[in-house]
Amino acid sequence: MAETILKETQLRLVFDMGLNEKGKQVFKFKNYSNVKTSSSADSLLAAAAAIAELQTNTLFGVERNDSNMLQA
């Protein structure tokens, strides 16, 4: 049976940059690597909120990106 092993976690903040000249929503992404794989959703959201306070743009969303390894 295959097993999934969590290798690394990345935190991605999505910022609202407003509308472009065609009226389409524009987003900017900031990625933070070397996040502890054992971090809870609450702690990641708190870290994202703290980082967002230092930014001039509005925080639109927060994503957690996990990299996994499959092993037989």
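The figures follow:
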item: Residue identified as surrounded by 14 or more Cβ atoms within 10 Å (Cβ to Cβ) and either hydrophobic (A, V, I, L, M, F, W, C) or on the phi > 0 side of the Ramachandran plot (or both) among L44, L19, L54, L6; result: L44
item: Criterion violated by F29 - all others in (1) assigned to a helix (DSSP H, G or I); (2) closer than 30 Å to I5 by Cβ; (3) hydrophobic (A, V, I, L, M, F, W, C); (4) under 13 Å from the mean Cα position of the chain (by Cα) satisfied; result: (1)
item: S43 vs. criteria modelled with pLDDT of 95 or more, polar (S, T, N, Q) and in a helix (DSSP H, G or I); result: yes
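The values are calculated or read from the model by the stated rules, or taken from the named source; none is laboratory data. Given the structure is predicted, the values throughout are model-derived calculations rather than measurements. We place every Cβ from the backbone using ideal geometry, glycine too, and count neighbours over all the protein chains shown.
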